[in-house]
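Below is one structure, written out as structure tokens; the observations come after it.
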There are 4 protein chains.
Amino acid sequence: MIISLEKDISDEKINIISNYFKKKGNETVETSGSDGAIIIVLGNTKDIPHDEVFELPGVKEIHRLNETYTLISREFDNKTRIIEVKNIKIGTNEPVFMAGPCSVESEDQIVKIAKEIKKAGAQILRGGAYKPRTYPYSFQGLGLLGLKFLDKARQTTDIPIITESTGLHRHIFEGKEEEKDTLSNVLNYADIIQIGARNMKSYGFLEEIAKRTKDKKTPILLKRGESATIDEFLGAAEYIVKNGNPNVILCLRGIRGIEPTKYLRYATDIDAIAVIKRISNLPVIFDPSHSSGDRNLVIQISLAAIAAGADGLIIEVHYDPDNAASDAKETVTPDVLKEIIEKSKKIKEIISK
Amino acid sequence: MIISLEKDISDEKINIISNYFKKKGNETVETSGSDGAIIIVLGNTKDIPHDEVFELPGVKEIHRLNETYTLISREFDNKTRIIEVKNIKIGTNEPVFMAGPCSVESEDQIVKIAKEIKKAGAQILRGGAYKPRTYPYSFQGLGLLGLKFLDKARQTTDIPIITESTGLHRHIFEGKEEEKDTLSNVLNYADIIQIGARNMKSYGFLEEIAKRTKDKKTPILLKRGESATIDEFLGAAEYIVKNGNPNVILCLRGIRGIEPTKYLRYATDIDAIAVIKRISNLPVIFDPSHSSGDRNLVIQISLAAIAAGADGLIIEVHYDPDNAASDAKETVTPDVLKEIIEKSKKIKEIISK
Amino acid sequence: MIISLEKDISDEKINIISNYFKKKGNETVETSGSDGAIIIVLGNTKDIPHDEVFELPGVKEIHRLNETYTLISREFDNKTRIIEVKNIKIGTNEPVFMAGPCSVESEDQIVKIAKEIKKAGAQILRGGAYKPRTYPYSFQGLGLLGLKFLDKARQTTDIPIITESTGLHRHIFEGKEEEKDTLSNVLNYADIIQIGARNMKSYGFLEEIAKRTKDKKTPILLKRGESATIDEFLGAAEYIVKNGNPNVILCLRGIRGIEPTKYLRYATDIDAIAVIKRISNLPVIFDPSHSSGDRNLVIQISLAAIAAGADGLIIEVHYDPDNAASDAKETVTPDVLKEIIEKSKKIKEIISK
Amino acid sequence: MIISLEKDISDEKINIISNYFKKKGNETVETSGSDGAIIIVLGNTKDIPHDEVFELPGVKEIHRLNETYTLISREFDNKTRIIEVKNIKIGTNEPVFMAGPCSVESEDQIVKIAKEIKKAGAQILRGGAYKPRTYPYSFQGLGLLGLKFLDKARQTTDIPIITESTGLHRHIFEGKEEEKDTLSNVLNYADIIQIGARNMKSYGFLEEIAKRTKDKKTPILLKRGESATIDEFLGAAEYIVKNGNPNVILCLRGIRGIEPTKYLRYATDIDAIAVIKRISNLPVIFDPSHSSGDRNLVIQISLAAIAAGADGLIIEVHYDPDNAASDAKETVTPDVLKEIIEKSKKIKEIISK
């Protein structure tokens, strides 16, 4: 619920209004809309009688909102949120490209890839130091060491890095438990913190991330859970924004579908780009690598995502895809990345007219 | 299985080879490949011993094929099949646009729409005379009368028409059964025969269509069943080609997904465009209207399909979408169609380079 | 819409009422409810003003119905329809068991299986003469010859047979097209006509079946389409009932799910038994063989279906499962069938108390 | 990989073997099989040459295992693991019943329900103190206070309790953050720790749970993620077992399916009971409440699950279902619970013969 207030309303009146809602169990946010001061009432407001609200002092108008994802809805604020990472802006007419290997494997590997993706035109380096794996016997990532290698790549190339935190536990590498939890370590190194599809519904974790980034507002790239509905995805993003960090980038990466995995790893949810851009003000990034699971499809899926309105792409790239430590099947070369970036920019231009 | 033959092989030898396979239960097709005469052995050839085949007279080489969809695979013939309807070519670098209402409602309606979509740049008029409906109490289409109205629209505008046959039964309109089955009637009127998603697995019907169009080779647009896998879809197309009509256009229109129908009617299978274009030589058309079920998404989905490699689009268009007799929610205006066509052409150019 | 009528209403008044609805485009059925004469108005009645209806002569009460599947809903008639095939009753507290091979392979095979399944306690013999196959190069069934073998098995064992019609086309066997369409042939031989999942949405075909069985009311076993929703499934059944044959048996056989086919061919829709038994009056049969695709799971799935309320089972059985011509992987032996039948009867007793 | 060892093998030889595998990156577990001492080699052993292993001292035989879920597979240990909670045994021929409200609402509520479910025959009380909710504005549970109420109910009725930990964050209740993380609190109170579907893939969290319960071996009930495949589900359970707690109870609760939510909240994965009981030695519990989402279906689904082989049920029960704080629609009364328990026991008897 949004309440428009009379001009130059007194703090006292605002207090009366806030208290009224607090008693009902709803938080309020005071801010200014295009047309003067407003109070946003969060949470379920279905059962609040409008006549009671109109009797509160200074209330001019009442506007109902989507009750589930309020702060990130276009209904609440129609302006696309532009998220800045160093000098890069995500959410404008210029698409943004994040690229790099699935896993950080060594300092040499990540520095070499960083240089090559930069040369190909990408602006942000991706690379996993903590890897959530389906089976406990698979390689789980270099951990803190991987973060240090990423840092080295950043220093060498001067491009920002995005990497995943997998939770509030402490990672074990070569039998030794790290001193800090993965979120603390990632916070110390990442320019953008990635939250993977598997943790999208770990709401307590999302709250904790928001609290710990409240001051710095480090951008969070939130991946859609592999069978999350669009509403559930936006609900998860709202958890982060409501708890203090508005800089959320939504990332689509394919969802479970009926097609067995013969040709496609996931159903490519390009349609969700178009839907989310209409109802939410957050920028949307697409991941063609995980969604298709096949390097032969990455160009086509990338361009389709841009044509559907995506604000950027996050792509798995390796100078030697066949020998990548993980996700080899879907990893492309820097040359393919370059082609994607060039064509994407042209397509973005056409659709933005 | 493809068998390369020695140069200037005698008919007698070819007969011996064919008879060998006939006894095994496999049909053969004699044709010429890029490198001389070949024999294609259809069906399951897994258990045929290669040494036996090499002992047949005139056999030079053996090449194994996908056993399920042979004739339409790139393995069999890597050249994209170009399908001609009057002067329009489907499967080239020029995307093709089919547009029109979900249902033919009246002569005036369809003639008016035909004029408007032509003006907007579409080349083929779509419109349903026979409508498969989920419940027996819904409007089932004007039938033969609708076909006559389509014919009138064609005469007026000189653009070809595509319309659906729903089976080998005789349609009932206003309590009267038609004299001929729907396929016979559609054959008399349509430039392209549409087979809907619901009938994609009615294999006997597909065989019958192929037999009845063997001579004229009327193009068949085959829609993907709503939960058909890509292999099943190609298997259905192979039924038509194997039975005598090679002019099959594949049409994707969304598949069942996990997203409840709040925002999207189907999961938009844009990924399947990229997959099918790689493995099959048939042209692929995309239907953004049925897949999304929402007119607000039709532009974005259309452009994404073209960017992914689609050879064209089939779009529901009406001069008065809100009052369309069916599918109103997903129908767009001729102006939107025009924007889609213009931008699609530009995107096709970029990706074809 | 159901309209209760005054006692001893005159034919004249009934005519006035019927004509009123005919003008609105709705058919009516006159019958008697538990509480006197009623008129059922079929189709969409949402927009018919109730006050107008109350002004018609002899109208006592109005009751709204589900608009999509009316005749088969419990709202319309709460009594489970009991369908008789010879002396067997489907839909009572006694579960019914249909069993036999996927495909009829030879006279010897089907006669031998008929004897064995009868001995194991099954009451109806299943066996496919027309086989819908995903690829054109697979075995498509013995056709008419298979029907004759089934007939022989029936004569030998005196148990009724169920077999599938795949459409209104004429089957080709060993290069020769049969003289009649598959429906005509099946009608001449079957005690129950099976309509497969692939044809569930071929509505014209369903209408034709209903018309051709209007007099004899041959029972129709309708299988759920592999991704049909429950409403769509009931809508298809309503097509048959509305067009003259009320003897429809619903058959669940698994639907497309997210689990890749490693362990399960389909998602086992046992939940739909419980749903449909609550909302429809038609009997529900479950197919554990196709739904699981694994003979090791058939006992457990069978018993679960009975516990959920199924009126019977249809099971693939062969004396030599490993060498069955099709569906070998999911076919069980007569001994397993016997165990299923014995335990099913006991479970049915427990849940019926 | 399992390696059978010679009789009375020396510690020295065992060391040599273990060191060989340690160098390859594989952990080993030394234990005794039915036929003498064995060494189990965990993790990926595909690339380890068998001839090298045979050259190690004391090696008699090599047996390959499933590489993904080893410790919980029947291949590894065919005996169903029986898990004890106080005097209750889960995994025997006696089904176990857990029941209670979705959310703990007050001391009175939970004590009253505990008494009623005990009277109805249930052995374990369920109730949520920490509630993972899709939207941040929904009621998130009473937290520690709820745990104390559960404790009170346990003291009053002397039945053990199961309750969920939602992660390693600290819960906020009425604006105050709790002192300890939810896992620590739940560990202090619960007899069985529940891990919800949303956290099934939070692998770091699973590792942490295993480490913290290594000594007490508190049973863990792990719910299947809403779109996890069976392999993924078993992989998650393996994380817990591998990290030190073998007492894992698997809980199925429905998965995402194609049926829109009109009749069913999830696709009821009863088939997975039959699959998992065949391949894993862990006990399997079914949740008919969340899977169906409809109290009218709970009896049927419960009995079907037992008939398919489930070791027990976990059911949402409230004395006043319509006024339950959450999940009201799917909550049943103690009377319904009683009927389920009585019939389940009889069905279990039939299928166990």
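The values are calculated or read from the model by the stated rules, or taken from the named source; none is laboratory data. Everything quoted here is computed from the prediction, not taken from an experiment. Here Cβ is always computed from backbone atoms with ideal geometry, including for glycine, and neighbour counts include all displayed protein chains. What goes into the accessible areas is simple: the full protein's heavy atoms, side chains included, and nothing from ligands, DNA or RNA. Shrake-Rupley method; radii C 1.70, N 1.55, O 1.52, S 1.80 Å.
Below are the figures for this structure:
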read-out	value
Verdict on A:E226 being within 8 Å of another protein chain (Cβ to nearest Cβ) and surrounded by 24 or more Cβ atoms within 10 Å (Cβ to Cβ)	yes
Residue that is modelled with pLDDT under 95, more than 21 Å from A:I220 (Cα to Cα) and open to solvent by 30 Å² or more (accessible area, probe 1.4 Å), where the choices are A:K176, A:K152	A:K176
Candidate set from region B:155-173 (those that are within 14 Å of chain C (Cβ to nearest Cβ) and at pLDDT 95 or above); member that is farthest from C:N243 (Cα to Cα)	B:E164
Residue within region B:257-276 that is open to solvent by less than 10 Å² (accessible area, probe 1.4 Å), more than 7 Å from every other protein chain (Cβ to nearest Cβ) and farther than 25 Å from B:N93 by Cβ present	no
Test for C:S184: is it out of contact with any helix residue (DSSP H, G or I) (no Cβ under 7 Å at 6 or more places or on another chain) and more than 9 Å from chain B (Cβ to nearest Cβ)	yes
Unmet requirement for A:T229, which otherwise passes all of (1) in contact (Cβ under 8 Å) with a residue 12 or more places away in the chain; (2) of a type in the set (S, T, N, Q); (3) farther than 25 Å from A:S326 by Cβ	(1)
Selected residue (criterion: farthest from C:V96 (Cα to Cα)) from residues of region C:272-293 that are assigned to a loop (DSSP other than H, G, I, E, B) and at pLDDT 95 or above	C:N281
From D:I209, D:I192, residue being open to solvent by less than 10 Å² (accessible area, probe 1.4 Å), out of contact with any helix residue (DSSP H, G or I) (no Cβ under 6 Å at 6 or more places or on another chain) and within 14 Å of chain A (Cβ to nearest Cβ)	D:I209
Residue that is surrounded by fewer than 17 Cβ atoms within 10 Å (Cβ to Cβ) and either under 26 Å from A:V332 (Cβ atoms) or not hydrophobic (A, V, I, L, M, F, W, C) (or both), where the choices are A:N44, A:N78	A:N78
Among the residues listed as C:T68, C:T92, the single one being open to solvent by 10 Å² or more (accessible area, probe 1.4 Å), closer than 30 Å to C:P160 by Cβ and β-branched (V, I, T)	C:T92
Tally, over region A:75-120, of residues that are within 24 Å of A:S291 (Cβ to Cβ) and outside any helix (DSSP H, G or I)	21
Within region D:277-296, considering residues that are more than 7 Å from every other protein chain (Cβ to nearest Cβ) and charged (D, E, K, R), the one most open to solvent (accessible area, probe 1.4 Å)	D:R295
Any chance D:I249 is open to solvent by less than 10 Å² (accessible area, probe 1.4 Å), closer than 18 Å to D:I82 by Cα and either assigned to a helix (DSSP H, G or I) or touching a residue at least 40 places away in the same chain (Cβ under 8 Å) (or both)	yes
Flag for B:I220 being in contact with an Asp or Glu (Cβ under 8 Å, 6 or more places away or on another chain), crowded, with 23+ Cβ neighbours inside 10 Å and modelled with pLDDT of 95 or more	no
Boolean, D:I279 is of a type in the set (A, V, I, L, M) and within 22 Å of C:K353 (Cα to Cα)	no
Residue count, region A:49-65 (criterion: without any contact (Cβ under 8 Å) to a residue 40 or more places away in the chain and either over 20 Å from A:K23 (Cα atoms) or touching a strand residue (DSSP E or B) at 6+ places or on another chain (Cβ under 8 Å) (or both))	2
Every pair of residues 6+ apart whose Cβ atoms lie under 9 Å, when the first sits in region A:122-138 and is more than 24 Å from D:T45 (Cα to Cα) while the second is modelled with pLDDT under 90 and in a loop (DSSP other than H, G, I, E, B)	A:G128/A:S326
Output for region A:337-353, where each listed residue is open to solvent by 40 Å² or more (accessible area, probe 1.4 Å) and more than 13 Å from chain B (Cβ to nearest Cβ)	A:K338
Residues located in region D:242-286, provided they are in contact with a His (Cβ under 8 Å, 6 or more places away or on another chain) and at negative phi	D:R253, D:R265, D:Y266
Positions within region C:265-294 being acidic (D, E) and under 13 Å from the mean Cα position of the chain (by Cα), in sequence order	C:D287
Count - residues of region B:59-74 that are aliphatic (A, V, I, L, M) and either assigned to a helix (DSSP H, G or I) or within 14 Å of chain C (Cβ to nearest Cβ) (or both)	3
Qualifying residue in region D:123-136 (condition: modelled with pLDDT of 95 or more, within 14 Å of another protein chain (Cβ to nearest Cβ), within 26 Å of D:G225 (Cβ to Cβ) and assigned to a strand (DSSP E or B))	yes
Residues that are without any contact (Cβ under 8 Å) to a residue 60 or more places away in the chain, more than 15 Å from D:K277 (Cβ to Cβ) and surrounded by 23 or more Cβ atoms within 10 Å (Cβ to Cβ), drawn from region D:232-241	D:A236, D:Y239, D:I240
Residue check, C:E55 under 22 Å from the mean Cα position of the chain (by Cα) and of a type in the set (D, E)	no
Boolean, A:E116 is of a type in the set (D, E) and in contact with a Pro (Cβ under 8 Å, 6 or more places away or on another chain)	yes
D:K201 being closer than 25 Å to D:F233 by Cβ, of a type in the set (K, R), surrounded by fewer than 24 Cβ atoms within 10 Å (Cβ to Cβ) and facing another protein chain (nearest Cβ under 10 Å)	no
Looking only at region A:229-256, and only at residues there that are within 15 Å of B:Y263 (Cα to Cα) and out of contact with any Ser or Thr (no Cβ under 8 Å at 6 or more places or on another chain), the one that is farthest from the other protein chains (Cβ to nearest Cβ)	A:F233
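Per-residue answers, yes or no, for (1) away from chain C (no Cβ under 14 Å); (2) out of contact with any helix residue (DSSP H, G or I) (no Cβ under 8 Å at 6 or more places or on another chain); (3) charged (D, E, K, R); (4) crowded, with 24+ Cβ neighbours inside 10 Å:
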| site | (1), (2), (3), (4) |
| --- | --- |
| D:V298 | no, no, no, yes |
| D:A304 | no, no, no, yes |
| D:A307 | no, no, no, yes |
| D:I315 | yes, no, no, yes |
| D:H318 | yes, no, no, yes |
| D:P321 | yes, no, no, no |
| D:A325 | yes, yes, no, no |
| D:K329 | yes, no, yes, no |
| D:T333 | yes, no, no, no |
